[in-house]
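Bear in mind that the values in this text are calculations on the coordinates, not laboratory data. Since the structure is predicted, the reported quantities are computational estimates derived from the model, not experimental observations. Cβ: placed from backbone, ideal geometry, glycine included. Neighbour counts: every protein chain shown.
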């Protein structure tokens, strides 16, 4: 990552508590987005993690359980420290 700040995590679907708990457990254990994707694929074979870095941002990881955006209620945004808190 470009900065030392933790990434913002955007999970899809954002209403799958089991998936969110898995992401929450793995994020502190991994060094980067690719390692998170490998860890998730043990349980979710189609999982994909995409990193976005823009100047002035700490970075965002888009974490897709099914390999792509599903839409709907999904996609709540979480900071690393409050991954489980629903927003919006």
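Quick look at the values:
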quantity: Distance (nanometres) between label positions extended 7 Å along Cα→Cβ at residue 5 and residue 31; calculated: 2.4
quantity: Rule-of-thumb Rg ratio for region 7-58 [Cα; 2.2 N^0.38 Å; N residues]; calculated: 1.13
quantity: Inter-probe distance in nm under a simple model that places probes 7 Å from Cα toward Cβ, at residue 21 and residue 68; calculated: 2.9
